[in-house]
Amino acid sequence: MLVLINEQGDIISYRADIPWCASLLIIGREEVDSVVDPQGLVEDIRNVYLSQYIAFERVSSIISGSWFGIMRGFHEELGFLVKIVGIFPQAYPRVKGVVVVIDHVTGNLKALIDGYSLTGWRTAGASALAQIILGGYSIETLGIIGAGTQALYHLRVFTKLFRIGRILISTRSPEKARDLAREFGAEQVSARDLNATATTVIAATNSSEPVVIGDLLSPGSIVISVGAPKPVRELDERTIQRAGCALVDTRQGVLEESDDVKGIEVVEIGEALRGKRCVFRDIKLYKSVGTSILDIAGAIHILRRMGVK
């Protein structure tokens, strides 16, 4: 099998000369973006967390400042899933990857799915599910720290699913936020003003210094942190102290790959859906580092929306 990928990380063509690749479906970025339904995606994430799945431990390395990881999982409805993904700080886009889906009965390759867009959608979908668990469907003021891929996908999902009064954006590069602000009717503000004003703060950065300042947050605020693994650090110690507990996408991943919830109780989304409570103090916190559980849910959603069984 020959697969061609351009400099942006998009799958542009392939040739399958091997029988077990003959029915392989290639799903690129534009196709993924066109078929995802945010409400349906959140429901699929919820359903996968409540179902039987296997999420293998992630294998990752940091070499020359770039993070590279392999994520694997299994679900009866989907089969085997392997995501090969990297975060390359000097590249654009920074995140590149591909998701491979394999039929667990025949061993045939079912699909290659663009990992950039699937990762963006599934991460934002999980954040939306966390927001629903922690605060319901109304957000007085939504604050987005960052203006990259995750900021874009979070705005796409949150503006579809929630009743939002105001949207604030803060970034170290204001010019990057201009298009997002225009597209989503957001206001560009300073990081200090965003921390002090937003009732839900989404940190979607690659910062190694905290961007969420606990002393500025209003009581009852919700903080959603989806930045990359170490050395990224989005939350200061005061934020962690004021939360006292964190809702997380995966306990093992968060504890091993992030210092953002160090020393406090963590409750996985699946546990929360089954009734386990995260006992917060005066703010609520959700932390995500990514997991194959979410990749499974994203792949199930995309393939179902495309009519693939």
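Structure summary
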quantity: Qualifying position, being closer than 17 Å to H301 by Cβ, of a type in the set (A, V, I, L, M) and at pLDDT below 95, among L4, L25, L41; calculated: L25
quantity: Total residues in the range 271-287, condition outside any strand (DSSP E or B), touching a helix residue (DSSP H, G or I) at 6+ places or on another chain (Cβ under 7 Å) and farther than 18 Å from D215 by Cβ; calculated: 3
quantity: Residue ID - farthest from the chain's Cα centre (by Cα), chosen from residues in the range 69-123 that are basic (K, R) and surrounded by 24 or more Cβ atoms within 10 Å (Cβ to Cβ); calculated: K83
quantity: Candidate set from the range 229-257 (those that are crowded, with 22+ Cβ neighbours inside 10 Å and of a type in the set (G, A, S)); member that is farthest from the chain's Cα centre (by Cα); calculated: A243
quantity: Selection count, the range 113-143, where residues are more than 18 Å from T250 (Cβ to Cβ), of a type in the set (A, V, I, L, M) and touching a Phe, Trp or Tyr at 6+ places or on another chain (Cβ under 8 Å); calculated: 2
quantity: V189 being surrounded by 14 or more Cβ atoms within 10 Å (Cβ to Cβ), in the same structural domain as Y286 (by TED's automatic domain parsing), within 22 Å of the chain's Cα centre (by Cα) and aliphatic (A, V, I, L, M); calculated: no
quantity: Matching residues in the range 43-89 - criterion: being farther than 28 Å from S207 by Cβ, touching a residue at least 40 places away in the same chain (Cβ under 8 Å) and in a loop (DSSP other than H, G, I, E, B); calculated: L50, F56, E77, L78
quantity: Residue that is surrounded by the fewest Cβ atoms within 10 Å (Cβ to Cβ) [pool: residues in the range 127-171 that are in a helix (DSSP H, G or I) and of a type in the set (V, I, T)]; calculated: I132
quantity: Residue among L180, L112, L168 that alone is more than 27 Å from G86 (Cα to Cα) and either basic (K, R) or touching a strand residue (DSSP E or B) at 6+ places or on another chain (Cβ under 7 Å) (or both); calculated: L168
quantity: Pick from the range 49-62, criterion of a type in the set (A, V, I, L, M, F, W, C) and modelled with pLDDT of 90 or more, ranking: surrounded by the fewest Cβ atoms within 10 Å (Cβ to Cβ); calculated: L50
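The values are calculated or read from the model by the stated rules, or taken from the named source; none is laboratory data. From a predicted model like this one, the values you see are computed outputs, not experimental measurements. Cβ: placed from backbone, ideal geometry, glycine included. Neighbour counts: every protein chain shown.
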